[in-house]
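Have a look at the structure below before the remarks.
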Amino acid sequence: MAMRKKSCYLKHMDTFFAVSGEHIKRERNKARELRASPWWKEKLAGGLCYYCGQKFSPIELTMDHKTPLAQGGKSEKSNVVCACKKCNSEKKYFSPVDMILAGKDPYR
């Protein structure tokens, strides 16, 4: 019996994104590797949230994908930023552009 590929379907701004489960799993593994890198530790040491610009301790910051994995984003240095937990949870799976189009300011 052949296994069906899992896909993530996300209704987002009247558009459906189909992202394979393999893509998300692969990119989450890459994100784990990035979190262990000296580059990420240096970003955390800076202590600034990309979205609100406030200063936080490194433990209060999370890794956020500007283009979310659910929209086909990748775990690359150009796509990940430090975000405080509040901003990251409010952003959810939206990109900064999506937030602006929805009337929200991603850069309070």
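Tabulated values for the structure
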item	result
Subset of region 52-76 that is in contact with a Gly (Cβ under 6 Å, 6 or more places away or on another chain) and in contact (Cβ under 8 Å) with a residue 24 or more places away in the chain - its residue that is farthest from Lys30 (Cα to Cα)	Phe56
Identity of the residue in region 77-93, touching a residue at least 40 places away in the same chain (Cβ under 8 Å) and either in a loop (DSSP other than H, G, I, E, B) or not charged (D, E, K, R) (or both), that ends up surrounded by the most Cβ atoms within 10 Å (Cβ to Cβ)	Val80
Residues (touching a residue at least 24 places away in the same chain (Cβ under 8 Å), within 26 Å of Lys25 (Cβ to Cβ) and either within 9 Å of the chain's Cα centre (by Cα) or exposed (fewer than 14 other Cβ atoms within 10 Å of the Cβ) (or both)) located in region 94-108	Phe94, Ser95
Qualifying residues in region 33-76 (those that are modelled with pLDDT under 95 and of a type in the set (Phe, Trp, Tyr)) - the one surrounded by the most Cβ atoms within 10 Å (Cβ to Cβ)	Tyr51
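The values are calculated or read from the model by the stated rules, or taken from the named source; none is laboratory data. Here the structure is a predicted model, which means the values were calculated and not measured. All Cβ positions, glycine included, derive from the backbone under ideal geometry; neighbour counts span all protein chains shown.
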